[in-house]
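**Student:** Here it is, the structure, as structure tokens.
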Amino acid sequence: MSERLQPPVPNVMTAPAIGTVRILIVDDEPLARDCMRLALHDVPGVTIVAEVGDGTSAVEAIHQHGPDVVLLDVQMPGLDGFAVLERLDPATMPVVVFVTAFDSHAIRAFEVHALDYVLKPFPDERLVAAVDRARATIQERRNGELGRRLAEFVQSWQAGALAPASDSLGAGVASRSPGAASIDKFDASIDEE
């Protein structure tokens, strides 16, 4: 008797690896950008997508590159770090880590939902720790989205929108009612993560 092999079901309780974290460095001081780049040079899973030296370029680079994390100076000519954040859509805001020489902006930084606040000059380990926190935050966001989609799928299943059916071998497979959610669509959305 032949047995139909089913693909393994992913364990939704175990978070998948986030992969590469895409970082934008924003600082008006070339030396500060160099220090951040060098601190992250050998960190696995980190890609610096761009470096810019002013706030206007930062807004453009965020829209162009879609970074996961922005390492953002506060005081820059033209737009400061806070003005940069005001020009971004909160729904698509990357994780923000302020990297600055001034501790006087820390309270305001957390009021605008910055994840971390790194004071210059910093040891490399401090910046790497901030990026690790950002990576964990990104993973939590993705897990939250996956959980939301899974809950919607289960509700659809329980409502009868997805019903078990038999294939030619008699093994149960999911089929959909007309206009119902697709299990394949759900699987594809997981693969995009």
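The values are calculated or read from the model by the stated rules, or taken from the named source; none is laboratory data. Predicted model, so just to flag it, every value in this text is computed and none were measured. A quick note on method: Cβ atoms are made from the backbone with ideal geometry, for glycine too, and the neighbour counts reach across all protein chains shown. Surface areas here come from the heavy atoms of the whole protein model, side chains and all, with no ligands, DNA or RNA. Shrake-Rupley method; radii C 1.70, N 1.55, O 1.52, S 1.80 Å.
**Student:** Quick one: count up the residues across the range 91-108 that are within 21 Å of residue 66 (Cα to Cα) and open to solvent by 30 Å² or more (accessible area, probe 1.4 Å).
**Tutor:** The number of residues fulfilling the criteria is 3.
**Student:** I'd like to know if the range 88-107 contains one or more residues that are modelled with pLDDT under 90, farther than 20 Å from residue 45 by Cα, of a type in the set (D, E, K, R) and assigned to a helix (DSSP H, G or I).
**Tutor:** yes
**Student:** List every residue pair whose Cβ atoms lie under 8 Å apart, where the two residues are 6 or more positions apart in sequence or sit on different chains, the first residue falls within the range 107-131 and is over 17 Å from residue 90 (Cα atoms), and the second residue, located anywhere, is buried (at least 18 other Cβ atoms within 10 Å of the Cβ) and among the acidic types (Asp, Glu).
**Tutor:** 130/116
**Student:** Quick check, is residue 134 among the small types (Gly, Ala, Ser) and part of a strand (DSSP E or B)?
**Tutor:** no
**Student:** State whether the residues of the range 154-170 include one that is surrounded by 14 or more Cβ atoms within 10 Å (Cβ to Cβ), modelled with pLDDT of 70 or more and not polar (S, T, N, Q).
**Tutor:** Within the range 154-170 (the criterion being surrounded by 14 or more Cβ atoms within 10 Å (Cβ to Cβ), modelled with pLDDT of 70 or more and not polar (S, T, N, Q)), the answer is yes, since at least one residue qualifies.
**Student:** Within the range 109-131, can you find the residues that are among the charged types (D, E, K, R) and surrounded by fewer than 14 Cβ atoms within 10 Å (Cβ to Cβ)?
**Tutor:** Selection gives 111, 125.
**Student:** Restricting attention to the range 23-30, does a residue exist that is open to solvent by 10 Å² or more (accessible area, probe 1.4 Å), closer than 25 Å to residue 140 by Cα and not small (Gly, Ala, Ser)?
**Tutor:** no
**Student:** Looking only at the range 31-70, which residues are without any contact (Cβ under 8 Å) to a residue 60 or more places away in the chain and open to solvent by less than 40 Å² (accessible area, probe 1.4 Å)?
**Tutor:** Answer for the range 31-70, where residues must be without any contact (Cβ under 8 Å) to a residue 60 or more places away in the chain and open to solvent by less than 40 Å² (accessible area, probe 1.4 Å): 49, 50, 52, 53, 55, 57, 58, 59, 61, 62, 67, 70.
**Student:** Considering only residues that are modelled with pLDDT under 50 and not hydrophobic (A, V, I, L, M, F, W, C), which ones fall in the range 5-36?
**Tutor:** 6, 7, 8, 10, 11, 14, 16
**Student:** Answer yes or no as to whether residue 83 is under 18 Å from the mean Cα position of the chain (by Cα) and either closer than 14 Å to residue 23 by Cα or not basic (Lys, Arg) (or both).
**Tutor:** Judged against the criteria, residue 83 is not a match.
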